[in-house]
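See structure below.
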Ligand code: 5AD
Ligand code: SF4
């Protein structure tokens, strides 16, 4: 998959406004006089998780999710600030929401507009200044206060902006999850980052690293599994920096957390994202060798191939150190599929530097990679560095890089044709009788299979590799077909 977004920054924000997805079911518990909430999620999987948790907090207040923005009594834009375009899209959506609010108001209907997420944190009151129709601006650390803040807005408090980093733990203050019984779910285990890469806004918008305690996470995971979840992806901006309090009071590493989660019966697969090379500890590498439920897939951004650029980015590793790390990971788990993030056109990046990024992509043979044009983010050190690279140069480098990435992706997918792989089926496919699932390596697979296999892992013989997915037949069907072909 080649996208200008990453696991933590997918292309959801490219969706047209009308397609904005409402999130999480409310369990059918909404009271009679229901209000409707529309949530559009931009950016990363962490935002997807946060949107679900907000939806649950609002369900307790009688809000049911809607996918029709026109019927929303409350419209929330859960935003991403990592790229400039994303923030601008928020403002253009806010223009449309303002018109909708005015239209509904003529029909005597109230519409509240809230902006949450990283743009809310970064821009704060500026949002209300540029878009006065907005009623509420809430930063990522204060979602548990949404119902109370909405009540205050309703009570005539005027537009409210809440972007503090409060002392209380929002995860504890949010209501318990009532997720829908999907086969695969996200679980935020860590938030924030103190790495301060010079291009990145995360340390400013999400704050310092914070890890949730092991017990809270195993309990949340157990509840998810009880409701049918079979795969959990652990989320964190710097997830392998996880150091949550263990049951014994001592700090526990991500490997320790993975081991604790792997002990949950019924949980079949564990993944995690996004990691920093500096935090790929020996015990985490060993977990990739020893822990059967930990899937052979690792998203490990390297950002740039030239040491000069890496140093200016404050990545605290060189290209050789990254390569040596990959060699150790592959030694522990030879079939591991690797994925990465790369930025092109960082200030001062020369053609020669860029060629080293391409060379690294070729040498490591990534299964996936996400590539970005450098986007200066206000307040970050790189935004004022000398040597800002012209837009056309960035565009041209991105195109060249994406061609190399695409070739690698096709190669990786093709290598699986003819192989039998265990697929976790997640949902019905577009065609009658078809299911969609994922290989251990995160590739999408389509296969004809009975709906009873949703939430189950079944062997699939891969027959074809398409641009973004694989298709195959159930190994059991192949056996049956061969048996039928044998003359009796
Ligand atoms: N410009 C371009 N890409 C960025 N990323 C983070 N900040 C920027 C920026 N200012 C990319 C990095 C990161 C991914 C989530 O987004 O590659 O790993
Ligand atoms: Fe941003 Fe760097 Fe932290 Fe990743 S490690 S969230 S790129 S500061």
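If the condition is being within 18 Å of residue 439 (Cβ to Cβ), away from ligand 2 (no atom under 16 Å from the Cβ) and in contact with a helix residue (DSSP H, G or I) (Cβ under 8 Å, 6 or more places away or on another chain), then segment 365-420 contributes 365, 366, 367, 368, 408, 420. Within segment 374-388, the set of residues being in a loop (DSSP other than H, G, I, E, B) and under 18 Å from residue 206 (Cβ atoms) comprises 375, 377, 378, 379, 380. For the structure I just gave you, tell me whether residue 315 is modelled with pLDDT under 95, within 16 Å of ligand 2 (Cβ to nearest atom) and touching a helix residue (DSSP H, G or I) at 6+ places or on another chain (Cβ under 9 Å). When the stated conditions are applied, residue 315 does not pass them. Does segment 344-352 contain at least one residue that is at pLDDT below 95 and closer than 19 Å to residue 202 by Cβ? No, there is no match, as no residue in segment 344-352 is at pLDDT below 95 and closer than 19 Å to residue 202 by Cβ.
With the requirement that a residue be modelled with pLDDT of 90 or more and touching a strand residue (DSSP E or B) at 6+ places or on another chain (Cβ under 6 Å), what does segment 125-145 give you? Within segment 125-145, 125, 127, 133, 134, 135, 136, 137, 138 meet the criteria.
Could you tell me which of the residues 173, 114 is in contact (Cβ under 8 Å) with a residue 24 or more places away in the chain, away from ligand 2 (no atom under 16 Å from the Cβ) and out of contact with any helix residue (DSSP H, G or I) (no Cβ under 7 Å at 6 or more places or on another chain)?
Working: 173 fails: out of contact with any helix residue (DSSP H, G or I) (no Cβ under 7 Å at 6 or more places or on another chain).
Only one candidate passes the filter, namely 114.
Taking residue 395, is it within 16 Å of ligand 1 (Cβ to nearest atom), farther than 14 Å from residue 342 by Cβ and assigned to a helix (DSSP H, G or I)? Spelling it out, residue 395 is indeed within 16 Å of ligand 1 (Cβ to nearest atom), farther than 14 Å from residue 342 by Cβ and assigned to a helix (DSSP H, G or I).
Among residues of segment 192-211 that are near ligand 2 (Cβ under 8 Å from one of its atoms), those with a Cβ under 6 angstrom from a residue that is at pLDDT 95 or above and assigned to a helix (DSSP H, G or I), sequence gap 6+ or separate chain, pair up as 199/382. Scanning segment 16-49 for residues that are farther than 17 Å from residue 92 by Cα and modelled with pLDDT of 90 or more, we see that the one that is surrounded by the fewest Cβ atoms within 10 Å (Cβ to Cβ) is 35. Entry remark, segment 272-307: residues being more than 22 Å from residue 349 (Cβ to Cβ), within 16 Å of ligand 2 (Cβ to nearest atom) and part of a helix (DSSP H, G or I) number 2 in total.
Could you grab me the full set of residues in segment 417-432 that are more than 24 Å from the chain's Cα centre (by Cα) and at pLDDT 95 or above?
Narrowing segment 417-432 to residues more than 24 Å from the chain's Cα centre (by Cα): 417-421, 431-432.
Hits for segment 417-432 are 417, 418, 419, 420, 421.
Quick one: which residue in 258, 270 is away from ligand 1 (no atom under 16 Å from the Cβ), under 17 Å from the mean Cα position of the chain (by Cα), crowded, with 21+ Cβ neighbours inside 10 Å and in contact (Cβ under 8 Å) with a residue 12 or more places away in the chain? Before you say what the answer is, go through the steps one by one.
Numbers: 258 fails: under 17 Å from the mean Cα position of the chain (by Cα).
When all the criteria are applied, what remains is 270.
Checking each residue in segment 346-373 for being within 13 Å of ligand 1 (Cβ to nearest atom), surrounded by fewer than 23 Cβ atoms within 10 Å (Cβ to Cβ) and assigned to a loop (DSSP other than H, G, I, E, B) picks out only 347. In the set (1) in contact with a strand residue (DSSP E or B) (Cβ under 6 Å, 6 or more places away or on another chain); (2) touching a residue at least 60 places away in the same chain (Cβ under 8 Å), the condition left unmet by residue 61 is number (1).
The set of residues in segment 318-345 that are outside any helix (DSSP H, G or I) and buried (at least 17 other Cβ atoms within 10 Å of the Cβ) comprises 333, 336, 337, 338, 339, 340, 341, 342, 343, 344, 345.
Does any residue of segment 83-90 turn out to be surrounded by fewer than 23 Cβ atoms within 10 Å (Cβ to Cβ) and over 22 Å from the mean Cα position of the chain (by Cα)? No - not one qualifying residue is present in segment 83-90.
Of all residues in segment 426-442, those that are on the phi < 0 side of the Ramachandran plot, in a loop (DSSP other than H, G, I, E, B) and touching a residue at least 60 places away in the same chain (Cβ under 8 Å) total 2. Take the residues in segment 191-204 that are under 16 Å from the mean Cα position of the chain (by Cα) and outside any loop (DSSP other than H, G, I, E, B), then tell me which one is nearest to residue 302 (Cα to Cα). So the residue we want is 202.
Within segment 217-249, take every residue that is in contact with a strand residue (DSSP E or B) (Cβ under 9 Å, 6 or more places away or on another chain) and part of a helix (DSSP H, G or I) and give me the one that is surrounded by the most Cβ atoms within 10 Å (Cβ to Cβ). Only one residue tops the list, namely 239. Of all residue pairs spaced 6 or more apart or on separate chains, those with beta-carbon atoms under 7 Å, a first member in segment 312-339 that is on the phi > 0 side of the Ramachandran plot and a second member that is within 16 Å of ligand 1 (Cβ to nearest atom) and modelled with pLDDT of 95 or more are 314/196; 314/197; 314/198; 316/278.
The values are calculated or read from the model by the stated rules, or taken from the named source; none is laboratory data. Here the structure is a predicted model, which is why all the values come from computation and not from measurement. Note that each Cβ is placed from the backbone with ideal geometry, even for glycine, and that neighbours are counted across all protein chains shown.
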